[in-house]
1. For a quick check, take a GNM of the chain with Cα springs below 10 Å and name the residue from Trp86, Trp143, Trp31 with the largest mean-square fluctuation.
2. Roughly how many nanometres apart are two label points built 7 Å out from the Cα toward the Cβ at Arg119 and Leu344?
3. To the nearest 500 deg cm²/dmol, what mean residue ellipticity at 222 nm is calculated for the chain from DSSP H runs of n ≥ 4 alone, each contributing -39,500 (n - 2.57), summed and divided by the residues?
4. Taking 7 Å along the Cα-to-C-beta vector as the label spot, tell me the His156-Lys292 distance in nanometres, rounded to one decimal.
5. Let me check against my output: what whole-number percent is the relative contact order of the chain, with C-alpha pairs under 8 Å and at least 6 apart?
6. Calculate one ³J(HN,Hα) per residue across region 91-103 by plugging θ = phi - 60° into the Karplus curve 6.51 cos²θ - 1.76 cosθ + 1.60, and present them in order as whole Hz with x for glycine and proline.
7. Using θ = phi - 60° and the Karplus form 6.51 cos²θ - 1.76 cosθ + 1.60, what ³J(HN,Hα) does each residue of region 167-175 get, whole Hz, x for Gly and Pro?
8. Using a Gaussian network model on the chain with a 10 Å cutoff between Cα atoms, which of Gln151, Gln111, Gln73 fluctuates the most?
Amino acid sequence: MTSPPEPSSRSAQIDIMRAVAIIAVALIHVWGPSTEVTSERGPLHAAFFALFVSGSLWAVPCFFFLSGLLLTQRPDFPTWGERLAWLRKRGVRILPPYVLWSALCLLVARQADVVAILRSLAFGTASYQMYFVVALVQAYALWWLVMPWLQRQPPHVQTTAALSAVAVSVLAHAWRAAYLASVQVDQYDWVRATVLPWIGYFAFGCLVALRLGSDGPQAALERLRAGRRGFVFASALTSFVVLALMVTYGVTYRGPHFDEPLNTLLKPVYAFPMILVMVGFGGWFDRRVNEKTKRLVTALARGSYGIYLSHVLVMQLLSSYVFIQLAGLNLPLEIAYRVFALALTIGVAWGVVRLLSLVPGVRWVSGVDAG
């Protein structure tokens with residue numbers, strides 16, 4: 001979903017992480033309804049799906065981590081003109097696809113109020129996954145302002161700055177958890193459309209690049225994995241324990257888009273260790289798969305931004321024909337159906353953005369990477 005800086009900087013390990021992350025994002029939305037406890041779907045039945053949905057909550061943090069990592073693999077910008085040119089180039093890459101897919105979502109929703117449309121674009125509310133782009137733009141702006149200064153600082157200052165950003169993310173989740181506990185309803189989606197809950201993951205990627213990435217992003221991830229193997233193992237154990245807590249609490253889950261206070265509070269505690277787990281998994285997968293599989297993964301990674309923007313709309317348009325009431329199905333049948341629905345949603349969304357990328361004159365709105 002994040003765009004690589006240049007084709008020459010393409011990393012197989014990063015492509016693997018991006019490909020798995022976009023599948024995880026789609027899984028949250030497609031499988032979310034099956035986590036709701038009903039009179040027909042009991043707690044254990046719902047908990048099975050909650051395990052996968054809650055277990056996928058590392059995906060958006062991972063995209064922010066990779067964005068920070070890839071952006072920081074750059075030289076300083078000596079002049080303001082060069083910095084503005086970079087900002088324009090980055091805006092052209094991410095904003096046109098966002099506007100296109102937001103407009104299509106608003107069109108399907110039959111939204112005609114101009115003020116509401118502009119507000120939806122500004123706050124990422126045209127569809128419930130669009131907050132990512134609004135928050136990412138803010139992260140880019142902060143990077144553009146701060147990074148030229150931070151690159152010149154000693155390591156302890158860089159580490160302190162990154163840890164401060166992590167603290168901001170944790171506090172943002174804690175505030176949101178306290179708010180949700182007090183009102184029992186999630187009315188503040190705008191919080192997710194600010195950079196505050198996500199800046200820690202982005203800063204973590206920047207720090208890895210600054211401290212370990214002199215030879216490029218692939219080398220940075222390899223050093224992070226090889227130099228912290230014990231830490232990666234501890235992270236996997238921590239992730240498993242926290243996920244168990246989230247799923248245990250989630251058996252009373254009230255729907256795919258309702259945020260429970262405890263789970264909101266635990267998200268950064270789960271996501272940061274899972275990023276390290278995915279770094280380890282990406283390295284393992286890269287060394288063990290053949291070139292044909294890598295090409296498939298790279299193609300999925302290249303389309304991940306467009307898939308992210310389009311998959312919810314695709315899911316909604318397919319709902320009348322594909323998505324049915326599943327509460328009465330037994331667990332094996334519901335699993336089979338959800339796997340099919342996930343594959344279909346990703347496949348159609350991927351096909352649409354791929355088709356757009358091949359049409360002369362509109363590739364720039366497809367959300368497919370050039371590299």
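We did not get these values from a lab; they are worked out from the coordinates using the rules stated. Only a predicted model underlies this, so the values are computations on that prediction, with no experimental measurement involved. Heads up, the Cβs are rebuilt from the backbone with ideal geometry, glycines too, and the neighbour counts pull from every protein chain shown.
1. It is Trp86.
2. 3.5
3. The helix-only estimate for the chain comes to -24500 deg cm²/dmol at 222 nm.
4. With each label point 7 Å from Cα toward Cβ, the separation is 5.5 nm.
5. Numbers: 499 pairs, mean separation 119.2, N = 371.
Computed value for the chain: 32 percent relative contact order.
6. Whole-Hz 3J(HN,Hα) from phi for region 91-103: x, 5, 6, 9, 7, x, x, 4, 5, 4, 6, 5, 4.
7. Karplus-based 3J(HN,Hα) across region 167-175 equals 4, 4, 4, 5, 5, 4, 5, 5, 4 Hz.
8. Of Gln151, Gln111, Gln73, the most mobile in the Gaussian network model is Gln111.
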